[in-house]
Amino acid sequence: MAVQNSVPGQDPRDSHREEMLDDQAASVVRHEERLVINRQQEETGKLRLRKYVIEEPVRQEVTVGHDEPDVVRTPITEEERQSFLDGRELPLGEDELILYRTEAEVQTVRVPYQRVRLVAQRTERTEVIEDTLRKERIDIETDDRRA
(Lines give C-alpha, C1' and ligand atoms only; values in the text may rest on other atoms or scores of the structure.)
Protein backbone atom coordinates (compact mmCIF):
# COMPACT_ATOMS: atom_id res chain seq x y z
CA MET A 1 0.00 0.00 0.00
CA ALA A 2 1.48 3.34 -1.04
CA VAL A 3 1.63 6.16 1.44
CA GLN A 4 0.37 9.49 0.18
CA ASN A 5 1.21 12.83 1.70
CA SER A 6 -1.86 14.79 2.62
CA VAL A 7 -3.06 17.47 4.95
CA PRO A 8 -4.89 15.98 7.97
CA GLY A 9 -8.65 15.95 7.51
CA GLN A 10 -8.35 16.19 3.73
CA ASP A 11 -9.22 13.52 1.27
CA PRO A 12 -6.05 12.70 -0.61
CA ARG A 13 -8.03 12.46 -3.81
CA ASP A 14 -9.28 16.03 -3.51
CA SER A 15 -6.73 17.93 -5.63
CA HIS A 16 -9.01 20.97 -5.88
CA ARG A 17 -8.74 21.45 -2.12
CA GLU A 18 -4.91 21.24 -2.42
CA GLU A 19 -4.81 23.91 -5.13
CA MET A 20 -7.01 26.10 -3.03
CA LEU A 21 -4.66 25.76 -0.07
CA ASP A 22 -1.69 26.66 -2.30
CA ASP A 23 -3.48 29.79 -3.51
CA GLN A 24 -4.18 30.85 0.05
CA ALA A 25 -0.60 30.10 1.27
CA ALA A 26 2.37 32.47 1.10
CA SER A 27 5.93 31.30 0.96
CA VAL A 28 9.46 32.55 0.34
CA VAL A 29 12.70 30.69 -0.16
CA ARG A 30 15.54 31.46 2.20
CA HIS A 31 19.08 31.59 0.91
CA GLU A 32 22.38 31.76 2.69
CA GLU A 33 25.95 31.80 1.58
CA ARG A 34 28.28 28.92 2.27
CA LEU A 35 32.05 29.09 2.30
CA VAL A 36 33.69 26.94 -0.36
CA ILE A 37 37.45 26.69 -0.05
CA ASN A 38 39.42 25.15 -2.88
CA ARG A 39 43.14 24.62 -2.81
CA GLN A 40 45.19 25.49 -5.84
CA GLN A 41 48.70 24.28 -6.57
CA GLU A 42 51.06 26.55 -8.44
CA GLU A 43 54.69 26.26 -9.41
CA THR A 44 56.94 28.33 -7.15
CA GLY A 45 60.31 27.58 -8.68
CA LYS A 46 62.68 24.97 -10.04
CA LEU A 47 65.86 23.47 -8.70
CA ARG A 48 68.50 21.89 -10.89
CA LEU A 49 71.52 19.82 -10.00
CA ARG A 50 74.58 20.81 -12.02
CA LYS A 51 77.95 19.17 -11.54
CA TYR A 52 81.16 20.90 -12.53
CA VAL A 53 84.87 20.69 -11.75
CA ILE A 54 86.97 23.21 -9.88
CA GLU A 55 90.71 23.14 -9.31
CA GLU A 56 92.01 23.58 -5.83
CA PRO A 57 95.69 23.70 -4.86
CA VAL A 58 96.65 21.10 -2.28
CA ARG A 59 99.69 21.10 -0.04
CA GLN A 60 100.71 17.94 1.76
CA GLU A 61 103.97 17.06 3.45
CA VAL A 62 105.64 13.76 2.64
CA THR A 63 108.93 12.39 3.92
CA VAL A 64 111.44 11.24 1.29
CA GLY A 65 115.00 10.07 1.79
CA HIS A 66 117.98 8.19 0.46
CA ASP A 67 120.73 5.98 1.81
CA GLU A 68 124.25 7.32 2.15
CA PRO A 69 127.19 5.01 2.75
CA ASP A 70 129.07 5.40 5.99
CA VAL A 71 132.36 3.69 6.53
CA VAL A 72 132.63 2.15 9.96
CA ARG A 73 136.02 0.96 11.13
CA THR A 74 136.33 -1.40 14.05
CA PRO A 75 139.36 -3.05 15.57
CA ILE A 76 139.95 -6.71 14.67
CA THR A 77 139.11 -9.35 17.19
CA GLU A 78 141.73 -11.29 19.17
CA GLU A 79 140.99 -14.41 17.15
CA GLU A 80 141.62 -12.53 13.89
CA ARG A 81 144.91 -11.18 15.28
CA GLN A 82 146.08 -14.65 16.36
CA SER A 83 145.24 -16.09 12.92
CA PHE A 84 147.43 -13.47 11.27
CA LEU A 85 150.30 -14.11 13.71
CA ASP A 86 150.07 -17.86 13.14
CA GLY A 87 150.79 -17.22 9.49
CA ARG A 88 147.42 -17.77 8.24
CA GLU A 89 146.16 -15.13 5.97
CA LEU A 90 143.02 -13.26 6.60
CA PRO A 91 140.26 -14.44 4.35
CA LEU A 92 139.73 -12.33 1.27
CA GLY A 93 136.31 -11.52 -0.01
CA GLU A 94 133.86 -8.99 -1.15
CA ASP A 95 130.65 -7.74 0.21
CA GLU A 96 128.30 -5.14 -1.09
CA LEU A 97 125.74 -2.82 0.30
CA ILE A 98 122.70 -1.81 -1.71
CA LEU A 99 121.67 1.81 -1.31
CA TYR A 100 118.06 2.96 -1.71
CA ARG A 101 116.28 6.22 -2.06
CA THR A 102 112.63 7.14 -1.57
CA GLU A 103 111.00 9.76 -3.75
CA ALA A 104 107.47 11.05 -3.97
CA GLU A 105 105.44 9.67 -6.83
CA VAL A 106 102.27 11.67 -7.28
CA GLN A 107 99.15 10.48 -9.03
CA THR A 108 95.53 11.42 -8.70
CA VAL A 109 92.68 8.99 -8.52
CA ARG A 110 88.99 9.71 -8.85
CA VAL A 111 86.79 8.00 -6.28
CA PRO A 112 83.05 8.31 -5.68
CA TYR A 113 82.28 9.52 -2.18
CA GLN A 114 78.81 11.06 -2.05
CA ARG A 115 75.46 11.07 -3.86
CA VAL A 116 73.53 14.34 -3.97
CA ARG A 117 69.79 14.17 -4.65
CA LEU A 118 67.02 16.72 -4.72
CA VAL A 119 63.73 15.73 -3.18
CA ALA A 120 60.68 17.84 -2.45
CA GLN A 121 59.39 17.63 1.08
CA ARG A 122 55.87 18.88 1.67
CA THR A 123 55.49 21.26 4.55
CA GLU A 124 51.92 21.90 5.60
CA ARG A 125 50.48 24.55 7.83
CA THR A 126 46.99 25.46 8.92
CA GLU A 127 45.60 28.80 7.89
CA VAL A 128 42.53 30.47 9.29
CA ILE A 129 40.27 31.74 6.53
CA GLU A 130 38.03 34.62 7.53
CA ASP A 131 35.23 35.96 5.40
CA THR A 132 31.75 37.37 5.83
CA LEU A 133 28.81 35.26 4.76
CA ARG A 134 25.32 36.59 4.15
CA LYS A 135 22.19 34.77 5.26
CA GLU A 136 18.62 35.64 4.64
CA ARG A 137 16.37 35.97 7.66
CA ILE A 138 12.62 36.12 7.50
CA ASP A 139 10.53 38.21 9.85
CA ILE A 140 6.81 37.88 9.95
CA GLU A 141 4.98 41.16 10.25
CA THR A 142 1.44 41.28 11.42
CA ASP A 143 -1.11 43.91 10.63
CA ASP A 144 -3.18 44.30 13.75
CA ARG A 145 -5.80 46.39 11.94
CA ARG A 146 -8.64 43.94 11.60
CA ALA A 147 -11.83 45.14 10.00
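The string of couplings for the stretch 93-106 from the Karplus curve (6.51, -1.76, 1.60, θ = phi - 60°) is x, 10, 8, 9, 10, 9, 9, 10, 9, 10, 10, 7, 10, 9 Hz, one whole number per residue in order, with x for Gly and Pro. Residue order by solvent-accessible surface for Y100, Y113 is Y113, Y100, largest first, with ligands and nucleic acids left out and a 1.4 Å probe. On full extension, the segment bounded by E89 and Q24 gains 7.7 nm, given 0.36 nm per residue less the C-alpha separation.
Built from the Cα atoms of the stretch 48-124, the convex hull projects on average onto 13.1 nm², one quarter of its surface area. Taking every protein chain into account, the accessible area of the stretch 42-132 amounts to 127 square angstrom per residue (probe 1.4 Å). To the nearest 10, the accessible area of I138 is 90 Å² with a 1.4 Å probe. Per atom type, the stretch 53-147 shows carbon and sulfur on 47% of its accessible surface, probed at 1.4 Å.
The values are calculated or read from the model by the stated rules, or taken from the named source; none is laboratory data. Please read all numbers here as calculations on a predicted model, not as lab measurements. Side chains are part of the model used for accessible areas, which takes the heavy atoms of the whole protein and leaves out ligands, DNA and RNA. Shrake-Rupley method; radii C 1.70, N 1.55, O 1.52, S 1.80 Å.
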